[in-house]
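Colleague: Below: one structure in structure tokens.
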Amino acid sequence: MKAVDPTIKIFGPDECDWLDTEYNSLLGGAADITGKDANGNYYIDGVSWHRYVGGDLATAGANDFLDRVKKARARVDYANQLHGRTGSAALQWGIGEFNASDGTGVCQFANGQMFAQIYGYVMKYGGTYATTWSMQEGGGACGGTDFGFVSGNLTPRSSYYHMQMVSRNFSGTYVDGTSTSTAMRTYGAVDTDKIAVMLVNVGGAQTCSVRLNSDAVGGGCTVNIGANTPVTFTQAIGAQTSMVLVFNRQGQFVKRITYGNGMAAPQTS
């Protein structure tokens, strides 16, 4: 393939899960495929894997993905160091397929909240891509092998809207987020003209002080976003609700996008 197009990127093997034994062997281990062939081309440019989870998607499900993302990042870093792969030659990682494990889970609001967290992990740990399976499948009736992000009549689901909230608002550079609330998952992004903050509330309604830098903030629920901007914004958020806050680079509020369990679609205010 590279003889025909030297710019092509090859990701593999694309296994059904992050398999510790197999990937540790293939990525810098006994069966290493991260070096070069006889023509001086790297065998692979990246590694990818699939994952489908059940249970409590917005909490245990998201944590399941985080565990695998950390393992992928660590093993890719190991292989890069082993072979001196840097810059555009550095080994990459991506998620080839992901979703809830069946149609019932796919149709839950919590599945979208899991999606929002997964894309945060991909940004934080330098993933190249994360692709959900699929657009529409299994009749779109929330059962069996229905893994679509739209229903049978093309109505968008929670997974679709959470992907939309990320793709339309998060650009530039990822910045980490922390919260004193165990029910709040958060991260941000800083671009030339804006600061975006993701709030994923997997618990009950609460009001949080959102600080756009690492300064300590008093009160109950606090959120810190590493945007290096000394501004605090107070925001109420409903139970099982995801929210994107957008500010300009000076920290002035621009808009919020709110999407709660039971809402037909996100609302902008």
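Colleague: Between residue 82 and residue 254, 0.36 nm times their residue separation minus their Cα-Cα distance comes to what?
Modeller: Value of the extension gain: 57.3 nm.
Colleague: Further question on the same structure: Going by alpha carbons, how many degrees (0 to 90, nearest 10) lie between the helix axis of 62-83 and the longest principal axis of the chain?
Modeller: Between helix and principal axis, roughly 40 degrees.
Colleague: Find the relative contact order for the chain and round it to a whole percent, using C-alpha pairs within less than 8 Å whose residues are 6+ positions apart.
Modeller: 12 percent.
Colleague: Which listed residue (82, 219, 136) has the Cα farthest towards the positive end of the charge dipole for the chain, taking +1 on Lys and Arg C-beta and -1 on Asp and Glu C-beta about the Cα centre?
Modeller: The residue sitting most towards the positive pole is 219.
Colleague: Return, for the Cα atoms of segment 32-103, the radius of gyration and Dmax in Å, separated by a comma.
Modeller: 15.2, 48
Colleague: Right, something else. Quick one: which of 9/124; 36/194; 124/194; 9/70; 36/124 span more than 30 angstrom between C-alpha atoms?
Modeller: Distance filter (> 30 Å) returns 36/194.
Colleague: Sticking with this structure for a sec: Mind checking the angle between helix 158-169 and the chain's longest principal axis? C-alpha axes, 0 to 90 degrees, to the nearest 10.
Modeller: 90
Colleague: Read phi for every residue in segment 231-247 and hand back ³J(HN,Hα) as whole Hz from Karplus 6.51 cos²θ - 1.76 cosθ + 1.60, θ = phi - 60°, with x for Gly and Pro.
Modeller: With coefficients 6.51, -1.76 and 1.60, one gets 10, 10, 10, 8, 9, 7, 9, x, 5, 6, 10, 10, 8, 10, 10, 10, 10 Hz.
Colleague: Quick test of your reading: applying the under-4.7 Å Cβ rule, which cysteines of the chain are isolated?
Modeller: 16
Colleague: Just report the Cα centroid separation between segment 101-144 and segment 30-83, whole Å.
Modeller: 19
Colleague: Another question, then. Amide H of residue 32 versus every other amide H placed in the peptide plane: which residues, excluding those fewer than 5 positions away on the same chain, fall under 5 Å?
Modeller: It is none; the list stays empty.
Colleague: Which of these, 198, 135, 114, has the largest mean-square fluctuation under a Gaussian network model of the chain (Cα springs below 10 Å)?
Modeller: Maximum fluctuation in the GNM of the chain, among the listed residues, is at 135.
Colleague: Could you state, as a whole-number percent, how many of the C-alpha pairs of segment 11-169 are farther apart than 18 Å?
Modeller: Taking all Cα-Cα pairs of segment 11-169, the fraction more than 18 Å apart is 59 percent.
Colleague: Using only Cα atoms, tell me the angle between helix 109-124 and the longest principal axis of the chain; keep it within 0 to 90° and round to the nearest 10.
Modeller: Helix 109-124 and the main axis of the chain meet at about 60 degrees.
Colleague: Convert each backbone phi in segment 253-269 into a coupling constant with the Karplus relation 6.51 cos²θ - 1.76 cosθ + 1.60 (shift: θ = phi - 60°), then list the ³J(HN,Hα) values in order as whole Hz, x for Gly and Pro.
Modeller: Rounded to whole hertz, the list is 5, 10, 6, 10, 10, 10, 9, x, 4, x, 7, 5, 7, x, 10, 9, 9.
Colleague: Per residue of segment 38-44, in order, report the coupling 6.51 cos²θ - 1.76 cosθ + 1.60 (Karplus, θ = phi - 60°) as ³J(HN,Hα) in whole Hz, putting x for Gly and Pro.
Modeller: Karplus-based 3J(HN,Hα) across segment 38-44 equals 5, 8, x, 9, 5, 4, 9 Hz.
Colleague: Let me ask something else. Just to confirm a number: summing +1 for Lys and Arg and -1 for Asp and Glu over residues other than residue 132 whose beta-carbon lies under 15 angstrom from that of residue 132, what do you get?
Modeller: With Lys, Arg at +1 and Asp, Glu at -1, the neighbours total -3.
Colleague: What are the residues whose amide H is under 5 Å from the amide H of residue 149, where those residues sit 5 or more places off or on another chain and H is modelled from the backbone?
Modeller: 134, 135, 136
Colleague: Using helices alone, what [θ] at 222 nm do you get for the chain, with -39,500 (n - 2.57) per DSSP H run of 4 or more residues, divided over all residues and rounded to the nearest 500?
Modeller: -7000 deg cm²/dmol
Colleague: Along the Cα-to-C-beta direction of residue 17, a point sits 7 Å from the Cα; which residues of segment 47-66 have their amide N less than 17 Å from that point?
Modeller: Once the point is set 7 Å along Cα→Cβ of residue 17, 48-57, 60-66 turn out to lie under 17 Å by backbone N, inside segment 47-66.
Colleague: Mind checking the full-extension length gain between residue 128 and residue 31? Use 0.36 nm per residue of separation minus the Cα-Cα distance, one decimal, nm.
Modeller: Additional length available on full extension: 32.6 nm.
Colleague: Relative contact order (percent) for segment 188-232, with alpha-carbon contacts under 8 angstrom and 6 or more residues of separation?
Modeller: Here the relative contact order equals 35 percent.
Colleague: Relative contact order for segment 11-169 using alpha-carbon pairs under 8 Å, separation at least 6, rounded to a whole percent?
Modeller: For segment 11-169, the relative contact order is 21 percent.
Colleague: Given H placed on each backbone N at 1.01 Å, which residues far from residue 54 in sequence or on other chains put an amide H within less than 5 Å of it?
Modeller: Amide H to amide H, under 5 Å and 5 or more residues apart or across chains, residue 54 pairs with 101.
Read-outs: derived from the displayed coordinates by stated rules, not from any lab. It should be emphasised that the depicted structure is a prediction, and the values quoted were computed from it without experimental measurement. Heads up, the Cβs are rebuilt from the backbone with ideal geometry, glycines too, and the neighbour counts pull from every protein chain shown.
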